[in-house]
Each structure stands twice: as structure tokens, then as C-alpha cells.
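A.B. asks: Submitted below is the structure of interest, expressed as C-alpha cells.
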2 protein chains.
Amino acid sequence: MTLETVSVPAHAPLELEHFLPYRLSILSNTVSQSIADEYQGRFQLSMTEWRVMTILARFPASSATQVVERTRMDKVAVSRAVARLVEAGRVDRGTYDGDKRRSVLQLSEAGWAIHDEVAPLARAHERELLGKLSEDEKAWLEKILDKLLG
Amino acid sequence: MTLETVSVPAHAPLELEHFLPYRLSILSNTVSQSIADEYQGRFQLSMTEWRVMTILARFPASSATQVVERTRMDKVAVSRAVARLVEAGRVDRGTYDGDKRRSVLQLSEAGWAIHDEVAPLARAHERELLGKLSEDEKAWLEKILDKLLG
DNA sequence: ACCTTATAGTTTCACTTGTAACCAATTGCA
DNA sequence: TGCAATTGGTTACAAGTGAAACTATAAGGT
């Protein structure tokens, strides 16, 4: 063994394509974007707005803060999304009796109409994605996500 | 059955917390952000820049286009990340002989130094995440991601 | 009651991002 | 050879984003 062969520490480059956080990021972006592409053009609806709408569909009369908690989105992002939705007549904003700071948000008639068109479309995308997996794999994925999101 | 109980189509709200695209998005953002938080403050390094660096570590002398292909990132994003990296003296940019449009990108000494600090840190995060899973689950996750990304 | 602190939500500002237009070098082919 | 189409990469502009400051209301303690 010669002296030169020793002592140069090898760099150990990350293999992005096998790096879990990276793969998750690619997958997530691809999936969310492909859904968003459908409703953005058709309904002038951003992903943030859509997420707010899904929360208001499930939990009607939520306050903005509750939407933030349930979407894990930024407070400012929610505020702006709500403003645009109200502006567009898709969400009605009221004030909570007993705390005038608090808003009471509801999907309007028009909001529900859009919701009822977009929701099946989103579900179809999910089904398509899950269609790539066997029953076993779907079950494992469920369990794995539960643990990771724990 | 009375007339009223018929014909009002129930809204079927998406349950975000069981909706795969949404869960992937939360997981991915949480994970990537927690890694990024560490190197952003410490090295003034954005996630895009870090991704470019990992590619240049694995495939030295790549062109910008090759980086784009390998990261699946946007062409403009890469261009800007590279510009900042060059500016900061972390990447050396040369020109390809035989096609003067094409760049030849390499980590500089300083770039390697940062790489060698950040890479283990990123790996540690990945290990921590995977630590939540059993051996079985890890194996399934691998396979599932292969299929979904395939 | 008074004053401090906390909470709901919005606005501002600086920065990032994506789309489209762009420039320059290269290729294809009439 | 000459000129349209392609490719590598950057720039410009508009839209989106987050951190911090701000307004208004409410709660808590003295």
C-alpha cells in the first residue's frame, strides 16, 4: 500500500433518487399538481382555496383559525384564500356571536356547487393513484403513513 | 318513506385527513422543511441549492440541463440556484468544449466542504424518520414508492 | 374599573416562484 | 451556403409566499 492511497476521505454523495424525503417530495408534488391542474383552469381555483373549501365542506361554520389548524396551512395563506373565496361569492363570512373577532365561514350555494364538481374529480385521481397498488400494498401504505404522520 | 327524504343529493365532503394526496403533502412538507431548517440558517442554503449540490456531488461536471433532468426541478429554478451557488463560490461554472451554450458545473472546494457537512445531517433525518417503521414496513414503503413514482 | 396580556385576523414588505419572452449557439436541411 | 427550427440557459414580469407589524376584540389579574 502506497502512502497516496491512504487518508483522502471519500465524499459520500447523497443519492437523491433513493433519498426518502426527496422521493416523497416528488410524489407529493406530482400528485397534487395533477389534481390542481384540472380545477385551476376550469374554476379559477387555487390549491389553497380548494383546501379551505374542503374543510368548510366537512366542518361548516369553522373560523379561520380552525381552518388553519385543520389544513396545517399558514395563517396568512388562509386569510388570503378566504378573502378571495368571499370575493368570488363562494364562501359566506359571518361573525361569531360572543366573539366579534372570530369569523364564521360557510360554503355558499355557489361554493357547494363547485365543491360537488371538484370532489369526485379529486377522488378519481386518488383512485387512479391507488390503482397502481395491490390490496396488500394499499393496506401497508395506510399503516405506514399513519405511523410517519403520527 | 316520505317525499322529503328522497332527492336531496347529499354533499359528499372529502375527508382531507384520509385523502392520500393531502397526507403525502403534509408528510413531505414536514420532512423536507425540518431538514431544510437546519441547513438554511447554518449555511444560507436554500433547498433548491442543496438539491443542485447533491447532484453535482454525484455527477460532477453536469450541465444545467442534466441537473434539471436529475432533480426534476424547474429549469428556471435551477438556473437561479446555480447562479447563487456560483456567486457564493460554492460551484465553479465552466463552458463545454464543442458547445458553448452548455455549462460545466462542479462543486468547488467550499462547495464540497458544505456538502460533507450537510449530507450526514440529511441522512440522519432520513434515519430518524425510518426509525419509526419496522423492517417490514420499510421494505414495503420502498416497493410502494417505486410503483407510485414509476 | 384599569391595565396588561393574549387571541383572531389582516396588511405590509421583502423574497421566491412560475410562465413566457428572450438571446445565443447549434443543428438540420433545402 | 443560408435560413428556419432546436436547444441551453437567462431575464422580465406577475403572482404567490412568509415573517413581522398592526388592528380590534377579549380575557385575566389587581
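The values are calculated or read from the model by the stated rules, or taken from the named source; none is laboratory data. Model, not experiment: these values are computed from the prediction. FYI the Cβ positions are ideal-geometry reconstructions off the backbone, even for glycines, and counts take in every protein chain you see. Heads up: the accessible areas ignore ligands, DNA and RNA and are worked out on the full protein's heavy atoms, side chains in. Shrake-Rupley method; radii C 1.70, N 1.55, O 1.52, S 1.80 Å.
A.B. asks: Please state which of the following conditions B:THR30 fails to meet, knowing it meets all the rest: (1) open to solvent by 40 Å² or more (accessible area, probe 1.4 Å); (2) in a helix (DSSP H, G or I); (3) touching a residue at least 40 places away in the same chain (Cβ under 8 Å).
C.D. replies: (3)
A.B. asks: For the range B:1-27, name all the residues that are open to solvent by less than 90 Å² (accessible area, probe 1.4 Å) and modelled with pLDDT of 90 or more.
C.D. replies: Within the range B:1-27, B:PHE19, B:LEU20, B:PRO21, B:TYR22, B:ARG23, B:LEU24, B:SER25, B:ILE26, B:LEU27 meet the criteria.
A.B. asks: Go through the range B:59-70 and give me each residue that's surrounded by fewer than 16 Cβ atoms within 10 Å (Cβ to Cβ) and either part of a helix (DSSP H, G or I) or among the hydrophobic types (A, V, I, L, M, F, W, C) (or both).
C.D. replies: B:PHE59, B:ALA61, B:THR65, B:GLU69 - these are the residues of the range B:59-70 that are surrounded by fewer than 16 Cβ atoms within 10 Å (Cβ to Cβ) and either part of a helix (DSSP H, G or I) or among the hydrophobic types (A, V, I, L, M, F, W, C) (or both).
A.B. asks: Looking at the range B:103-122, which of its residues are at the interface with chain A (Cβ under 7 Å from one of its Cβ atoms) and without any contact (Cβ under 8 Å) to a residue 24 or more places away in the chain?
C.D. replies: B:ASP116 - this is the single residue of the range B:103-122 that is at the interface with chain A (Cβ under 7 Å from one of its Cβ atoms) and without any contact (Cβ under 8 Å) to a residue 24 or more places away in the chain.
A.B. asks: Can you name the condition, by its number, that A:PHE43 falls short on among (1) more than 15 Å from DNA strand C (Cβ to nearest atom); (2) among the hydrophobic types (A, V, I, L, M, F, W, C); (3) open to solvent by less than 90 Å² (accessible area, probe 1.4 Å); (4) free of Cβ contacts under 8 Å to residues at least 24 places away in the same chain?
C.D. replies: Tallying (1) more than 15 Å from DNA strand C (Cβ to nearest atom); (2) among the hydrophobic types (A, V, I, L, M, F, W, C); (3) open to solvent by less than 90 Å² (accessible area, probe 1.4 Å); (4) free of Cβ contacts under 8 Å to residues at least 24 places away in the same chain, A:PHE43 fails exactly one: (4).
A.B. asks: Still on this structure: Tell me, yes or no, whether the range A:74-81 has at least one residue that is under 19 Å from the mean Cα position of the chain (by Cα), in a helix (DSSP H, G or I) and away from DNA strand D (no atom under 12 Å from the Cβ).
C.D. replies: No, because not a single residue in the range A:74-81 is under 19 Å from the mean Cα position of the chain (by Cα), in a helix (DSSP H, G or I) and away from DNA strand D (no atom under 12 Å from the Cβ).
A.B. asks: Now, a different point. Given the conditions (1) within 16 Å of DNA strand C (Cβ to nearest atom); (2) at the interface with chain A (Cβ under 10 Å from one of its Cβ atoms); (3) of a type in the set (Asp, Glu), which single one is not true for B:ASP99?
C.D. replies: (2)
A.B. asks: Got at least one residue in the range B:71-89 being at pLDDT below 95, open to solvent by 40 Å² or more (accessible area, probe 1.4 Å) and more than 13 Å from DNA strand C (Cβ to nearest atom)?
C.D. replies: Checked against the condition, which is being at pLDDT below 95, open to solvent by 40 Å² or more (accessible area, probe 1.4 Å) and more than 13 Å from DNA strand C (Cβ to nearest atom), the range B:71-89 yields no hits at all.
A.B. asks: While we're on this one: Restricting attention to the range A:82-95, report how many residues are assigned to a strand (DSSP E or B) and touching a helix residue (DSSP H, G or I) at 6+ places or on another chain (Cβ under 7 Å).
C.D. replies: So the answer is 2.
A.B. asks: Can I ask one more? Exactly one condition in (1) open to solvent by 50 Å² or more (accessible area, probe 1.4 Å); (2) in a strand (DSSP E or B) is not met by B:LYS132; state its number.
C.D. replies: Result: B:LYS132 fails condition (2) only.
A.B. asks: Here's something else I'd like to know. Before we move on, is A:ARG51 more than 14 Å from every other protein chain (Cβ to nearest Cβ), away from DNA strand C (no atom under 11 Å from the Cβ) and either outside any helix (DSSP H, G or I) or touching a helix residue (DSSP H, G or I) at 6+ places or on another chain (Cβ under 9 Å) (or both)?
C.D. replies: Answer is no for this residue.
A.B. asks: Let me ask something else. Sort through B:GLY94, B:GLY111 and tell me the only one that's more than 12 Å from DNA strand C (Cβ to nearest atom), small (Gly, Ala, Ser) and open to solvent by less than 20 Å² (accessible area, probe 1.4 Å).
C.D. replies: Of the residues listed, the single one that is more than 12 Å from DNA strand C (Cβ to nearest atom), small (Gly, Ala, Ser) and open to solvent by less than 20 Å² (accessible area, probe 1.4 Å) is B:GLY111.
A.B. asks: When the residues of the range A:124-142 are filtered to those that are at the interface with another protein chain (Cβ under 7 Å from one of its Cβ atoms) and charged (D, E, K, R), which remaining residue is farthest from B:LEU133 (Cα to Cα)?
C.D. replies: A:GLU126
A.B. asks: Please count how many residues of the range B:68-87 are in contact with a strand residue (DSSP E or B) (Cβ under 8 Å, 6 or more places away or on another chain) and within 11 Å of chain A (Cβ to nearest Cβ).
C.D. replies: Qualifying residue count, the range B:68-87: 1.
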